[in-house]
Amino acid sequence: MLSIKNVSFKYNNSNSFVFPDISCQAGSQLLILGESGSGKTTLLNILGGLLAPDKGEVLIDQIPIYSLSGAKLDKFRGNNIGIIFQKPHILGPLTVEENLSLANFFVGKKQSDRISQVLEDLGIGQKRRSLVSTLSEGEAQRLSIARALANDPKVILADEPTASLDDVNASKVIQLLKEQAEKYHAVLIIVTHDQRVKDHFENQTIMGGAL
Amino acid sequence: MNLIKLSWKYLIDKPLNTGLNILLLALGLAIITVLLLIQDQFENKMSRDAEGIDLVVGAKGSPLQLILSSVYHIDFPTGNIDMEEAKSLSKNRLVKNSIPLGMGDNYQGFRIVGTNHDYLELYQVNFQTGQAWQIPFEVVLGNDVAEKLKLKVGDRFVGSHGIGSSSHDHDEHDYVVSGVLEKQNKVLDNLILTSIESVWYTHDEGHDHEKFEQQVVKSGFPESDEPREVTSLLIQYRNPIAAVQLPRFINSRSSLQAASPSFEISRLFELLGVGIKLVQGLAIVIIIISGLGIFIALFNSLKERKYDLAVMRTIGASKGQLFMHIILEGLILTFLGALFGIILGHLFLAFVVYTNEQGALSGLSAWVFLKEEIWILCFALIVGIFASLIPAWNAYRTDIAAQLTR
């Protein structure tokens, strides 16, 4: 479903990364551990179709995504990849539900029934008509997960999803991510330096030396 | 969810900013709308009122004043002319028709104009009630006069001396309303019409009640055994040659003055043109400032929104969609600005007409829509596109990864 081969990226001469090859089957889950500055976020951006690597190949669903041009890559990303960031990054002027239906709109889907299902699953169903500014931090993070799921992605990428959460909420979020990925049979890749996440995953890769 | 709704949501997220930009644009466009409306209707009304009048003859003075007083009834007359002289002029072979006018009185600010039935014919009047005057002191009211003064056939009133409303009353003899005209949207709406004899007799010292019962003259000049005066003479040419010969003949060989309505009115618009240009310039400056305001607002909000735009890209928005998203904000702003501007312009004109019942602007209609107003809308939308072009281009170029990791 997802694989990368010989991928490297160079910001400048003193700051360059060579990434380990990765291969994931549909429905599999992978934790990528690494310290700050080890290139985790860079890798996640490359996997998410947000940053083209200097060398190497990124295949999602057998498609080399960086051979797709401009808008096609955008649509592919919207349709197949759900990205969750460390900060929620939700759109302030919109309501909870509109944040999700916007994702549907951008890839040309009709607003799906899936939206209310996902919101229910993540426990923010009763807030669907609320403005984003009225959400608590935990709810906002769950909304950003919900939005990543709105288009039924084949790959879910999460960048430090637990960094700003306490222990209880952190394990809740990890649990949610795992459940949702299993439910929709999607690849789940989490990059983090958060040791609390470690015990939840069997498959792990360590970047930039041992932790 | 769609792009228009998305842009709208972002606009109303900043209500003060959005409101101010719309208001500024609306003000500029309202001025243009008012100018358009006044110019169009004023010119229309002016030419309608002067239809069928080729030349006006009156006492020497300003030709523009003569036209304004005798055709449009807004300025003071230049003086009176001897009736015998006017009579002999009307017999000139170049004159097809001539209608004498006698002025000098008013009732509550509405001018009382003495004339004959040809004048009613000239404007092709229809009577709402009653009929034309038959004997002295019978009057016919323009529709607006009757409405505003609440007068009807059979009512009596006393005229006052002078054109304005504050002079002494002629309390010796009442006027009697014999008819009310239908609404015409012409100058007649605001006039009180009567026979020339009525005007004479109100100003006479002695009272000869026998004369008051005699039928007045319906066409041409009234009979009189003493030297009489009229204020002016409206003339229709017999043929095109008259347009060349008659004004020159009158102006050089008699103590009278001749003025052509069409010539004087185009001269008037030339004079007013400077003022109109000035106001137009002001409106354009306001519109440019509002365009800049929209540009700055979009440009600044974009700095805060690069994050949001990057997030939209991660959930599948293409560069083109983000470009349109920003352009649409500019278009929505200017569309609303234009809409409010046009409405504001019409409201303003309605207010001016309402407060200016007897002036030159009365009889204008505030709720006539011109096709030029479509152009105002298009113009505003073009301003919107230009103002949002650079911000939209910035949105188009947003580097997602760099924005998200910042």
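Residues with amide H under 5 Å of A:Ile206's amide H, sequence separation 5 or more or different chain, H placed in the peptide plane at 1.01 Å from N; which?
A:Leu33
Note down the net charge around A:Lys40, summing +1 for each Lys or Arg and -1 for each Asp or Glu among other residues with Cβ under 14 Å from its Cβ.
Charge balance in the 14 Å sphere: -4.
Looking at A:Ser171, A:Ile145, A:Pro161, which one has the Cα that reaches farthest to the positive end of the dipole of the stretch A:138-180 (charges on Cβ: Lys, Arg +1; Asp, Glu -1)?
Result: A:Ile145.
Output wanted: per-residue J couplings in Hz (rounded whole) for the stretch A:135-144, from phi through Karplus 6.51 cos²θ - 1.76 cosθ + 1.60, θ = phi - 60°, x for Gly and Pro.
Residue by residue, the stretch A:135-144 yields 7, 7, 4, x, 5, 4, 5, 5, 5, 5 Hz.
Hand me the trypsin sites (Lys or Arg not before Pro) from the stretch B:30-71 located in a DSSP loop with no more than 14 other Cβ atoms within 10 Å, in residue order please.
In loop regions of the stretch B:30-71 (DSSP not H, G, I, E or B), the sparsely surrounded trypsin sites (Lys or Arg not before Pro) are B:Lys60.
Give me the extension gain from B:Asp118 to B:Ile12: residue separation times 0.36 nm, minus the current Cα-Cα distance, reported in nm with one decimal.
Between B:Asp118 and B:Ile12, full extension yields an extra 31.9 nm.
Whats the longest run of chain B with zero GluC sites (Glu not before Pro) that are DSSP loop and have at most 15 other Cβ atoms within 10 Å?
Here the longest segment lacking exposed loop sites spans B:224-356.
As a footprinting exposure proxy, order B:Leu181, B:Leu349 by other Cβ within 10 Å, with the fewest listed first.
On the way: B:Leu181 26, B:Leu349 23.
The fewest-first ordering by Cβ neighbours comes to B:Leu349, B:Leu181.
Hey, got the dipole for the stretch B:55-259? About the Cα centre, +1 on K and R Cβ, -1 on D and E Cβ, debye to the nearest 20?
It works out to roughly 1260 debye.
For the stretch A:35-130, run through the trypsin sites (Lys or Arg not before Pro) and keep only the ones in DSSP coil with at most 11 other Cβ atoms within 10 Å of their Cβ. Each step should come with its number before you reach the end.
Values: sites: A:Lys40, A:Lys55, A:Lys72, A:Lys75, A:Arg77, A:Lys109, A:Lys110, A:Arg114, A:Lys127, A:Arg128, A:Arg129; in loops: A:Lys109, A:Lys110, A:Arg128, A:Arg129.
Those satisfying the criteria are A:Lys110, A:Arg129.
Too long at a 19 Å Cα-Cα cut-off: which of A:Lys87/A:Lys172; A:Lys72/A:Lys183; B:Lys45/B:Lys87?
Flagged as over cut-off: A:Lys72/A:Lys183; B:Lys45/B:Lys87.
GluC sites (Glu not before Pro), restricted to the stretch A:139-211: which are DSSP loop and have at most 15 other Cβ atoms within 10 Å?
Those satisfying the criteria are A:Glu202.
Using a simple charge model, +1 on the beta-carbon of Lys and Arg, -1 on the beta-carbon of Asp and Glu, nothing else, what dipole does the protein assembly as shown show about its Cα centre, in debye to the nearest 20?
On the way: 55 positive and 65 negative charges, 748 e Å.
Dipole size: approximately 3600 debye.
Cβ neighbours within 10 Å, averaged per peptide: list A:83-89, B:380-386 in order, most packed at the top.
Output ranking for A:83-89, B:380-386: A:83-89, B:380-386.
Identify, among B:Leu151, B:Ile235, B:Trp133, the residue whose Cα sits farthest towards the positive end of the charge dipole of the stretch B:55-259, taking +1 on the Cβ of Lys and Arg and -1 on the Cβ of Asp and Glu, with the dipole about the Cα centre.
It is B:Ile235.
Any read-out appearing in this document is the output of simple, stated calculations on the displayed coordinates, not a laboratory observation. These numbers were taken from a predicted model, which means no experiment stands behind them. We place every Cβ from the backbone using ideal geometry, glycine too, and count neighbours over all the protein chains shown.
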